[in-house]
Each structure stands twice: as structure tokens, then as C-alpha cells.
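Visitor: Supplied in C-alpha cells, the structure appears directly below.
The values are calculated or read from the model by the stated rules, or taken from the named source; none is laboratory data. This is a predicted model, so every value here is computed, not measured. Positions of Cβ are backbone-derived with ideal geometry, glycine not excepted, and every protein chain shown enters the neighbour counts. These accessible areas exclude ligands, DNA and RNA; they are computed on the full protein's heavy atoms, side chains included. Shrake-Rupley method; radii C 1.70, N 1.55, O 1.52, S 1.80 Å.
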Amino acid sequence: GTRDSCSHQCGELLSTCSCHATCQSLRICCPDYKEFCLQISPYSGSLMGGKDFEIENTAFNTSSGLRCRFKQKIETSGYIAKDGKAHCISPLLYETGFVPFEVSADDGLTFPYSGTWLSVHHNRVSEEEKCVLVNETKWQYYGTPNTDGNLTLTWAQKALPATHINIEVWGYEETGDSYSDNWLAKWNYLYTLAREAPNTGTFSFTPVPAKGNYSNWDFGILRITPSSCSDGQSNTLSIWSSEHALAWHLGEDFRNDPTAWATAKCLEWDRKEEKLPNFLEEIIDCPCTLAQARADTGRFHTDYGCDIEKGSVCTYHPGAVHCVRAIQASPQYAAGQQCCYDATGTQILAQDSTGGSTPDRGHDWGSPPFLKPPQIPGFSHWLYDVISFYYCCLWSDNCQFYMKRRPSSDCRTYHPPRAASAFGDPHFITFDGLNFTFKGQGEYTFVESDLTSLRVQGRTQQAHFPNGTEAQVTGLSAVAMQENNSDVIEVRYSADLNLEVLLNQKVVNFSEQSWLDLKGLFLHSTVDQNITVMFSSGTGVEIRGSGGFLTLTVLLPENFMNHTQGLFGVMNGNTEDEYTFKNKTTISVHANPQQLFEFGADWAVENGASLFTYDTEFLLNNFFYGEKHNSSFLPVFFPYEDPADPLVKDMVLVCDSDPFCRFDVLTTRSLQVGHSTRLSHQNHKWLVESLKSVISCGWLDHPANGRKDGMKYLLGSAVHFICNQGYELTGSKERICQATGAWSGETPSC
């Protein structure tokens, strides 16, 4: 019958079989699962669209017309290649993240086949996918003093299967009233720069001012298409350049006097900003130090334009070694924050130096649900924060106007998050800093909060000795999490000890993208598989594999104080109530290991509340149908250290005095497990050290007709004031940042 078909049903559980991603490992797929539920390659591309992807698993009848439809409304063309494989072209989207698509094989009458496409921020796609503006600075400064001559564009010739190509200019605009329902974003085809050019992979030209009013467009992008396409044809196979300032096509008025033109634009921008709401009051303050900024991974992430791990190439921030951006856009205006730091780890403020950080009216990464200004990924930001920087700071010398509207935030109201960790054969360090060992076998609530319905659950499995037999201790093998009604993320060791990440029960592939914009969270994976989940509340969850067990760290912002329970305790700065049961009774912090075992068992997950995926016989039998806490498993509580044991000598070398490390070597007979436990323990200590609160007294200005010496504003810093020649100083000539958060002395004047 049709009801047992996956046609129009991908992702569903049917009465007799399944069309859900877990059906393959459970061997319960409907017979036509592979026909209707599409696997594609590549699975991601820029939100600008125009990328060709192949449908890997389904063979279509070539006589019918193939149509691809995204989000149930945007249709693009499909085609069948010579090898019989079907292909679709991705559309221009104003959002990032997973987008559903369907395929029709009857020219658009029905769309029974379905899959998902990953739309990616334009700066996060690989360079091979874009055409390259050779010497991009020259393009963006063309027509300013000492910048003229030819411009060159290069691209991967094989990316377009055509002998001749067209090169088009597109411009971006946002129309309607700011922060209202009629505020809309649109990419517009403007004109064709080159027609029927040979597809050699390179094109050079001498730019001339664009005709008519096209030269009013100062922010845009280039698109290369096969010359068989009509001008501006939407959602067709194409290669886009990076988005850039269109200095090279601006009108004669710009070329005759770029400084005057840019100054007028800068002043016009300044007048517009005056009328817009002030977003500065609601953006998060910056971390005070580079150590805090790099440790607060739930709320801040590396800014790709200035990354200490990639050699600190900080073009827009001279003097900085690292910048971070606030991950979440601000609640009302969707604004962004950026924070930059120098080699000493001190925050650089734009009030003191051009290398300083500036906040953004439009968040560079956009913000969910995207689609409308100011939440369009990358492009809203360009319109309010980048092209205006060209007007005021790069094409003219009026940077004081820009800095007045985009002053750096200092860190006076920044409060670091609290961290809790679990590692080894599970050792726990709570948010309030208590540490204990609980080696139950089962699935447990590590932390839950009524503030945002946050839940982080962990699964422990029995550890093995190096010879393969089972040890009487357990280790963390899977972690699952959700906040409010966000997507569910699970990180686990698969049977062959590879780290797997599941998104709503489906394995995620990081081969093309390391950053995913998901529902209620962002997900990032480093090359060596450190997984970070960043929830919209600012909660960060970090997971990495080490020595066959997972290491878990949860970072909670300060507003979770008094709102947590579970194995990670009650976060309130007091360790006395860490061992709180579900029914709110507590046991003493000096409880013995057997009593702690009862505390742990109390936090076993109930089946209906489990976030885990049970997609193998083993998981079903051991964790789904079995009890959530295996009461018949009794671990080793006190491992015996036998001086005659040959392992003890090596253990002392590996562990030194670390008690967790010694414990794990003795119970697993593995120095490697001990070593990774010690590393995890050290990492946690380093993290807590990095997240210590720092007192800031805030920025100090220099007096009129004078200058200041000193650009550090944290506890103990001194700032000196000197008057210009012919002026005399009244007030304090030195002010020191005190423990109260106030500066000593009086405001000086000259």
C-alpha cells in the first residue's frame, strides 16, 4: 500500500516501516527509502546560490522534466547528466542553515522526493567556490589617489561547463522603513560587465564609471554565468565573487574628488544614524582579557578577520593579535559585538587606537530567523557598518564620525560564565568547584535548568582493561542536549570509537562545513573534533574525545545562578548543597562514595525525558528497554595502591600528584587513560583560572589641550596626564584603577 512508501514521507515513522534516518542501522527502512529520501553531494554552498549538486542515490527517468523546489516555494531548474545522475541548482537565499528541498520528476506536478540543503554564510564557503578579485584592495580603492589601471578577475574554469561566459554586476539594497515590517532585503541584477568572454579562468579590464544611475550602487558583487543564460536570470549555475565596495564602477563625481564624495556620504550616514535607535545599550559587554574572551566559548567566537591561531593577520585592526565576535545578536535590534586584544591580552578600545574593536548595527553572521534586515547574514552588516567605514575612514579622513557612532564597549559590566566538567571514569567538577567521582552505569541528568528548559544528559558505559576485559568503572560515552525547543544535539563514540555528532537523531557530516547555524543553537567542530554547542541563552557545551572517553564542559552565564540541578550541582556559589536530590533533599559534602553513588543514581534520566538516539540493537537493549541506572553494577570505590605493583612506578611519572589520574590508572590499568584524565583536569583548572572576574574602571579620556599616557583600565593600572605646552594641569596627574571599580583622584583639566 502507499502508506508504507517514503514518497512525501521522509523523516516519518510509518505503521510498518520507517523513513527516518535511524531506519538503516535499525534495519527497518521502507523498501523505497533510498529512492525518495535524497542524499546529495555537495551538501552545502553559499546562500548566494547557483551551485550545482548531484543527487547520489536515486535514478530518474530522463524523459521527464526535473524541477527542484526549496522551502516549498523557490523553484530552480534541475537536469539529468550523461551518467544518468540527477542534479539541482541551489537558489539565492536570504538565510543560512538547513533548508528543505523537494524534487519533481513530472515537470512540477508532484514533488515526492525530498532532502535538505545547507545554506552557508558567503564568507564561510571555500575560496575555490568564488571568483577571486585579484588584489581586492585595488578594486575597493579604485579611483582614489594612486589607484588606477587594469583590474583582474580569476575563477576555476572547470566550475562552469561552458566555452563562453558573461560577467554581471549585482547590487544589494534594503528598502522600506528601518526596524519595521516593510524593511526588505534584495539583491538586484544591475548590468553585464562582459558578454561572451572566453571561459579561460581569467578576465582583465579597465573599469569605467557605470552608466546612468547604476553608479549610485556602492556595495555589490560579481556573478559569472554561462553565456547561454539571459541577463540576471535567477537561480542559474553561477560563480559569485566576494561582496565588496564597488569603488571601481562609481561615477565621475567620485573619480574627480573621491575625498569630497566620501565625506558627503559619511556625513549623510551620520545623519541617518542619528535617527536610528541606539543599539549600543543592549549589546553584551566585551570580556576584559584575551583569556576570558577565548574561554567564554558559549558567547564569543573567533572573528575570522583576526585569528591568533591563524597567525593574527588583522588587516582592519592594526596592533591586535585576536578578535572575537559575540555569537548571539542582541535581543531587540539584532546588533553585533566585536572585541579585540593586543599581545599582552589587553582589550584595545577604538577610542585609543584604530586597531580597536567596533560594535555592529548588523551582526556579521546575521541572526535567526534571518530573511529580513537587519538579520541578513553578512550583507546587513556591510550596509550599516562596513561601507560606512569606507566612506568615513578609508576613502576620506573622517573616522571620528564613525568612531562616535561605533565606540568600543569596555568590560565594566562583563561577568564571566561558570564552568562544570566531567571526564575520565567519570570525575565531576561542579559549577561551584566541588569535585567528586560517580561511576554509575546508565544515563543521567548532568544539568537541567528551569530558566531555559536546558537539559544536558550523559551516558556512561563500562570501561575495558587494555586486554579487552571489562573493568569495574565506567566512562562517559555519549552526551545529549537541548534548550527550550531547540534542535537536539548528541555527541557519542560510535562502535568503532569514532566521534559522531547527531542532529535530531541524524549523523552530521563536517566534511564541507565546520560551523552550522541550527534551530536555537550554533554548532562548531574543530579539525581535531572538539565540538562546541552555543545555545541562544549564551550557554556553551564543549565536548572532546580523549582516551576512549568523552570530556564534557558546560559553561553557564551568570543569570543561571540558583537555576540549576543535576550531577553538576546547584550553581549558587555555595558547595554545601551540591548533592541535592530530585526531591530537594541534600546529603553532606563529606558523604562517602557509596552515598554519592545513591545521589548519582537519583539523577538517572526517565525514558520519556531522554534526549538520546537508540538506533542499534545494543542501545535499545541496554539503555532503552533496560533500566536507566544499572543497579546491579557496583564499581570500585577505593582502588588499592600496591607498592609491589609494577604499574605504580609509571603511574607516579604520568600522574604526579593528580588524584583523578592515579584513580583511573589503578582502575583501568591504562596509563593512557590516566594521562588523558590528567589533561582534562588541567584544562578545567586552566579554564576556571581564565574565567576569573577582573575589575575594570572603564575608559578614561585625555584632557582637552593635553594627552594621556596609558591605555589599560583594569585593576592596578595607572593612567598619567600631561598638558600641552603653555597649559597647566589641575586635578590628578595620575589616576589608578581601584578595587571598587572607581579611578583614584580627580578628573584632570588643562
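Visitor: Give me the one-decimal nm value for the distance between modelled label points at Tyr640 and Ala194, 7 Å along each residue's Cα-to-Cβ direction.
Guide: About 8.1 nm, to one decimal.
Visitor: Also, I was wondering about something else. List the residues, sorted by chain then number, that are 5 or more residues from Gln351 or on another chain and whose placed amide H is less than 5 Å from its amide H.
Guide: Those qualifying (amide H under 5 Å, at least 5 residues apart or on another chain) are Ser408.
Visitor: Pull out the extension gain between Asp528 and Ser312, defined as 0.36 nm times the separation in residues minus the alpha carbon to alpha carbon distance; nm, one decimal. Don't skip to the answer; put the middle values down first.
Guide: Details: separation 216, 0.36 × 216 = 77.76 nm, distance 2.06 nm.
Extending this stretch completely gives an extra 75.7 nm.
Visitor: Here's a follow-up. Viscosity 0.890 mPa s, temperature 25 °C: what is the translational diffusion coefficient of the range 695-749 from Stokes-Einstein with a Kirkwood Rh over Cα pairs, rounded to a whole number of µm²/s? Don't skip to the answer; put the middle values down first.
Guide: Numbers: Rh = 11.2 Å.
Here the translational diffusion coefficient equals 219 µm²/s.
Visitor: Amide H to amide H under 5 Å from Leu518: which residues, 5+ apart in sequence or cross-chain, H placed 1.01 Å off N in plane?
Guide: Close amide H contacts, sequence-distant or interchain: Leu523.
Visitor: Subtract the Cα-Cα distance of Asn435 and Val694 from 0.36 nm times their separation in residues, and report this length gain in nm to one decimal. Walk me through the numbers on the way to the answer.
Guide: Working: separation 259, 0.36 × 259 = 93.24 nm, distance 2.46 nm.
90.8 nm is the gain from fully extending Asn435 to Val694.
Visitor: Please give the FRET efficiency for Asn216 paired with Asn583, using the beta carbon to beta carbon distance and R0 = 60 Å, rounded to the nearest 0.05.
Guide: On the way: r = 68 Å, r/R0 = 1.14.
The value I calculate is 0.30.
Visitor: Further question on the same structure: Calculate the tail of P(r) for the chain: the fraction of all Cα-Cα distances greater than 34 Å, expressed in %.
Guide: Working: 160909 of 280875 pairs.
When all Cα pairs of the chain are counted, 57 percent exceed 34 Å.
Visitor: Mind checking the range 101-190 for trypsin sites (Lys or Arg not before Pro) that DSSP puts in a loop (not H, G, I, E or B) and that have at most 12 other Cβ atoms within 10 Å? Working shown, then result.
Guide: On the way: sites: Arg124, Lys130, Lys138, Lys158, Lys186; in loops: Lys130.
Nothing satisfies the criteria.
Visitor: Please check the chain for the longest run free of chymotrypsin sites (Phe, Trp or Tyr not before Pro) that are loop-located per DSSP (anything but H, G, I, E, B) and have at most 10 other Cβ atoms within 10 Å.
Guide: No qualifying site falls inside 1-624, the longest such stretch.
Visitor: Still on this structure: Based only on Cα atoms, what Rg/Rh ratio does the range 263-318 have, Rh being taken as Kirkwood's radius?
Guide: Values: Rg = 16.0 Å, Rh = 14.4 Å.
Expressed as Rg/Rh, it is 1.12.
Visitor: Using helices alone, I'd like the mean residue ellipticity at 222 nm for the chain: each DSSP H run of four-plus residues gives -39500 (n - 2.57), total over residue count, nearest 500.
Guide: On the way: 11 runs with 100 residues, N = 750.
Only helices count here, giving -4000 deg cm²/dmol.
Visitor: Give the list, by residue number, of cysteines in the chain with no other Cys Cβ closer than 4.7 Å, or say none.
Guide: Cysteines lacking a close Cβ partner in the chain: Cys131, Cys229.
Visitor: Charges only on Cβ, +1 for Lys and Arg, -1 for Asp and Glu: so what's the dipole of the chain about the Cα centre, in debye to the nearest 20?
Guide: It works out to roughly 600 debye.
Visitor: If the reach is capped at under 15 angstrom between alpha carbons, list the aspartates and glutamates near Lys649, excluding any in the same chain fewer than eight residues apart.
Guide: Filter leaves Glu641, Asp658, Asp664.
Visitor: Enter the accessible area of Glu102 (Å², nearest 10), with the probe set to 1.4 Å and all protein chains included.
Guide: Number for this one is 30 Å².
Visitor: Would you mind getting me the FRET efficiency between Asp107 and Ser25? Use the beta-carbon distance for r and R0 = 35 Å, nearest 0.05. Let's see the in-between values first.
Guide: Working: r = 36 Å, r/R0 = 1.03.
About 0.45, to the nearest 0.05.
Visitor: Heavy atoms of the protein only, probe of 1.4 Å, neighbouring chains included. What is the accessible area of Thr740 in Å², nearest 10?
Guide: Answer for Thr740: close to 120 Å² accessible.
Visitor: Further question on the same structure: For the chain, what relative contact order do you get, as a whole percent, if you take Cα pairs closer than 8 Å and at least 6 residues apart? Please list the in-between numbers first.
Guide: On the way: 1693 pairs, mean separation 65.0, N = 750.
The value is 9 percent.
Visitor: Can you send over the solvent-accessible area of His415, 1.4 Å probe, protein chains only, in Å² to the nearest 10?
Guide: So the heavy atoms of His415 present about 90 Å² to solvent.
Visitor: Along the charge dipole of the chain, which of Ile722, Gly569, Val554 sits closest to the positive end, that is, farthest toward it, with unit charges on the beta carbon of Lys, Arg, Asp and Glu (+1, +1, -1, -1)?
Guide: So the residue furthest toward the plus end is Ile722.
Visitor: When the Karplus curve 6.51 cos²θ - 1.76 cosθ + 1.60 is applied with θ = phi - 60°, which whole-Hz ³J(HN,Hα) does each residue of the range 441-453 get, with x for Gly and Pro?
Guide: 10, x, 10, 9, 7, 7, 8, 9, 9, 6, 5, 9, 6
Visitor: If you average 1/r over all unlike Cα pairs in the range 418-615 and invert the result, what Kirkwood radius do you get in angstrom? Spell out each step's value before the answer.
Guide: Values: mean 1/r = 0.0588 Å⁻¹.
Every distinct Cα pair counted, the radius reaches 17.0 Å.
Visitor: Next question. Starting from 0.36 nm per residue, how many nanometres of slack lie between Ser744 and Lys519 once their C-alpha separation is accounted for?
Guide: Working: separation 225, 0.36 × 225 = 81.00 nm, distance 4.77 nm.
Going from the current span to full extension adds 76.2 nm.
Visitor: How would Asp296, Asp231, Asp177 line up by accessible area, probe 1.4 Å, largest first? Each step should come with its number before you reach the end.
Guide: On the way: Asp296 0, Asp231 70, Asp177 90 Å².
Sorted descending by solvent-accessible area, the residues read Asp177, Asp231, Asp296.
Visitor: Around Leu454, which amide H atoms from residues at least 5 apart in sequence, or from another chain, sit under 5 Å from its own amide H, with H modelled in the peptide plane?
Guide: Here the answer is Ser449, Asn484, since their amide H atoms fall under 5 Å of that of Leu454.
Visitor: Also, quick follow-up: How many nm is it between the label spots at Ala591 and Arg412, if each spot is 7 Å from the Cα in line with the beta carbon?
Guide: 4.4
Visitor: Strictly over 22 Å apart at the Cα level, which of Lys272/Lys519; Lys372/Lys506; Lys138/Lys310; Lys310/Lys708; Lys211/Lys265 would you flag in this model? Don't skip to the answer; put the middle values down first.
Guide: Working: Lys272/Lys519 33 Å; Lys372/Lys506 29 Å; Lys138/Lys310 24 Å; Lys310/Lys708 34 Å; Lys211/Lys265 20 Å.
In this structure, Lys272/Lys519; Lys372/Lys506; Lys138/Lys310; Lys310/Lys708 exceed 22 Å between Cα atoms.
Visitor: Spelling out what I want: for every residue of the range 731-737, take phi, set θ = phi - 60°, compute 6.51 cos²θ - 1.76 cosθ + 1.60 (Karplus), and round to whole Hz; glycine and proline get x.
Guide: x, 8, 8, 9, 10, 10, 6
Visitor: Whole-Hz ³J(HN,Hα) for each residue in the range 403-416, computed from phi via Karplus 6.51 cos²θ - 1.76 cosθ + 1.60 with θ = phi - 60°, x for glycine and proline: what do you get?
Guide: 5, 5, 8, 10, x, 4, 8, 8, 10, 4, 9, 6, 10, x
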